[in-house]
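The values are calculated or read from the model by the stated rules, or taken from the named source; none is laboratory data. No experiment lies behind these values; they were computed from the predicted model shown. Neighbour counts are summed over all protein chains in view; Cβ atoms, including those assigned to glycine, are modelled from backbone coordinates with ideal geometry.
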Amino acid sequence: MDIVVAVYENWGIGLNGSQPVVVKADRRHFREVTGTGTVILGRKTLEDFPGGKPLKGRRNIILTRDAEFTVEGGEVVHSVDEAVRAVEGEDPDQVFVIGGESVYRQLMPYCRRAFVTKIYDEPPADAFFPDLDELEEWHAADTGPVMTEEDIKYQFITYERKE
């Protein structure tokens, strides 16, 4: 199981349930990485998707505490254990945790890699991803070049959990 996340310089990931700064190249990268795999996300992250609908072409597992929540085109689970059981037997390279903050934190112990888009900007944020540069058990395994889109610098970095 892997993580896909876009972070700002302070490791912020969102404000009021949405991304304050979006880089189009990050969206393309997200589609390339997740491909036709399985994504695990929280209900609030789902609500930020176009139309609040699951991603097409992928298996969508939505983690929520709301026992009444249902969504067409997605599978709803109510605990981390249930989410992990839902992906048992799948190729771990095809299962991606895609947010939000609490889902990342809960599933991070199960993840081997993190595909991070580092956006060199620091907009206001109320949701944060753990700073992988500060966590002893993670290291940057592949660091891409710093690129620019509409005056915003960004970089794709793959982190791996140390063995």
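Run down 143, 158, 117 and say which single residue is modelled with pLDDT of 95 or more, in contact with a helix residue (DSSP H, G or I) (Cβ under 6 Å, 6 or more places away or on another chain) and among the β-branched types (Val, Ile, Thr).
Exactly one residue qualifies, and that residue is 117.
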task: Filter segment 1-19 down to residues that are surrounded by fewer than 16 Cβ atoms within 10 Å (Cβ to Cβ) and in contact with a Phe, Trp or Tyr (Cβ under 9 Å, 6 or more places away or on another chain) and give me whichever is farthest from residue 103 (Cα to Cα).
output: 9
task: Have a look at 81, 66, 91, 151 and point out the one that is surrounded by fewer than 16 Cβ atoms within 10 Å (Cβ to Cβ) and at positive phi.
output: 151
- prompt: Considering 109, 145, which residue is surrounded by fewer than 13 Cβ atoms within 10 Å (Cβ to Cβ) and within 26 Å of residue 43 (Cβ to Cβ)?
  reply: 109
statement: The condition from (1) within 27 Å of residue 16 (Cβ to Cβ); (2) over 14 Å from the mean Cα position of the chain (by Cα); (3) surrounded by 13 or more Cβ atoms within 10 Å (Cβ to Cβ) that residue 126 misses is numbered (3)
- prompt: Among the residues of segment 101-120, is there at least one that is among the charged types (D, E, K, R) and more than 18 Å from the chain's Cα centre (by Cα)?
  reply: no
message: Of the conditions (1) farther than 23 Å from residue 35 by Cα; (2) outside any loop (DSSP other than H, G, I, E, B); (3) more than 15 Å from the chain's Cα centre (by Cα), residue 140 satisfies every one except a single condition; which number is it?
response: (1)
- request: Given the conditions (1) modelled with pLDDT of 95 or more; (2) over 19 Å from residue 12 (Cα atoms), report the number of the one that residue 100 does not fulfil.
  value: (2)
message: Just to confirm my filter: which strands (runs of 3 or more DSSP E) fall fully inside segment 1-114 and include at least 3 residues that are of a type in the set (Ser, Thr, Tyr)?
response: none
field: Of all residues in segment 129-140 being touching a Lys or Arg at 6+ places or on another chain (Cβ under 8 Å) and farther than 15 Å from residue 8 by Cβ, the one that is surrounded by the most Cβ atoms within 10 Å (Cβ to Cβ)
entry: 138
- request: May I ask you to verify whether residue 23 is at pLDDT 95 or above, buried (at least 18 other Cβ atoms within 10 Å of the Cβ) and under 15 Å from residue 1 (Cβ atoms)?
  value: no
